[in-house]
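Worksheet: the structure to be examined is printed underneath.
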Amino acid sequence: NAGVTQTPKFRILKIGQSMTLQCTQDMNHNYMYWYRQDPGMGLKLIYYSVGAGITDKGEVPNGYNVSRSTTEDFPLRLELAAPSQTSVYFCASTTSGRGSGETQYFGPGTRLLVL
Amino acid sequence: GDSVTQMEGPVTLSEEAFLTINCTYTATGYPSLFWYVQYPGEGLQLLLKATKADDKGSNKGFEATYRKETTSFHLEKGSVQVSDSAVYFCALSGPRGNNRKLIWGLGTSLAVNP
């Protein structure tokens, strides 16, 4: 199992540009999450999904959109990038099965710089 | 609402020193408790967890005990190594119906000097 994979690893965007951060998991997990981590700070939840076709907002959804057309993929879309979106983005997933203790499995992250 | 409070960092230790990183929580019900570790330039990975009161999670020489009476889950290691330098996050599972979201502490940075 590759676990949770994210692409790209690093990207520089100009203000106003758009991009999609890709996230794929091969563990057949129903639940998936997008976080951002600003320098020296903790994690903030952007969006999450409880299964294909179902998504919901987290703490900091403004400026982002998501979709979940398959169990495996959970892309995060940035429209009209702003310097405030400079951050490291992590995707995570967890199973809906019992006994998992809600352990979340993380991807390696995408470092985004908006100039 | 539910919350996690971690001791602030950075924590700087010499190699072979004893480590304690405090974590206390506020929660309804009986959450699971987690410690995650983030090595420089990497994503978070589960270090250990405990799913009920008095459980002890352990991994790589780290330990933490789920103390319901003191609502704590302090992380300890008897002898740290330079390779333990990382950011450590305490987290708890949210209440039922919370869609398996975790509630995170702010993280504690640990630097171990040789």
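The values are calculated or read from the model by the stated rules, or taken from the named source; none is laboratory data. Values in this document were obtained by computation on a predicted structure and should not be read as measured data. Here the Cβ is made from the backbone with ideal geometry for all residues, glycine too, and neighbour counts use every protein chain on show. Ligands, DNA and RNA are excluded from the accessible area calculation, which covers all protein heavy atoms including side chains. Shrake-Rupley method; radii C 1.70, N 1.55, O 1.52, S 1.80 Å.
Here is a yes/no grid of residues against (1) at pLDDT below 95; (2) over 13 Å from the mean Cα position of the chain (by Cα); (3) within 14 Å of another protein chain (Cβ to nearest Cβ):
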residue	(1), (2), (3)
A:His29	yes, yes, yes
A:Gly42	yes, yes, yes
A:Leu78	no, no, no
A:Tyr89	no, no, yes
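Which is within 20 Å of B:Ser93 (Cβ to Cβ), assigned to a loop (DSSP other than H, G, I, E, B) and open to solvent by 30 Å² or more (accessible area, probe 1.4 Å), of A:Ser69, A:Ser96? Break it down into steps so the answer makes sense when it comes.
Values: A:Ser69 fails: within 20 Å of B:Ser93 (Cβ to Cβ).
The match here is A:Ser96.
Enumerate the pairs (first residue in region B:73-88 and under 7 Å from B:Leu19 (Cα atoms); second residue anywhere and open to solvent by 30 Å² or more (accessible area, probe 1.4 Å) and among the hydroxyl-bearing types (Ser, Thr, Tyr)) with beta-carbon separation below 7 Å, excluding pairs fewer than 6 apart on the same chain, so at least 6 apart or on different chains.
These pairs meet every condition: B:Glu76/B:Thr20.
Among (1) assigned to a loop (DSSP other than H, G, I, E, B); (2) open to solvent by 60 Å² or more (accessible area, probe 1.4 Å), there is one condition B:Glu76 misses while meeting the rest; what is its number?
Failed condition: (1).
Within region B:28-57, can you find the residues that are within 13 Å of chain A (Cβ to nearest Cβ), touching a residue at least 40 places away in the same chain (Cβ under 8 Å) and not in a strand (DSSP E or B)? Walk me through it before giving the result.
At the first step, the residues of region B:28-57 found to be within 13 Å of chain A (Cβ to nearest Cβ) are B:29-52, B:55, B:57.
If we keep only those that are touching a residue at least 40 places away in the same chain (Cβ under 8 Å) too, we end up with B:29, B:31-40, B:44, B:47.
Correct list: B:Gly29, B:Pro31, B:Ser32, B:Tyr39, B:Pro40.
Need the failing condition index for A:Asn1 against (1) out of contact with any Phe, Trp or Tyr (no Cβ under 9 Å at 6 or more places or on another chain); (2) more than 18 Å from A:Gly107 (Cα to Cα); (3) assigned to a loop (DSSP other than H, G, I, E, B), just the number.
Answer for A:Asn1: the failing condition is (2).
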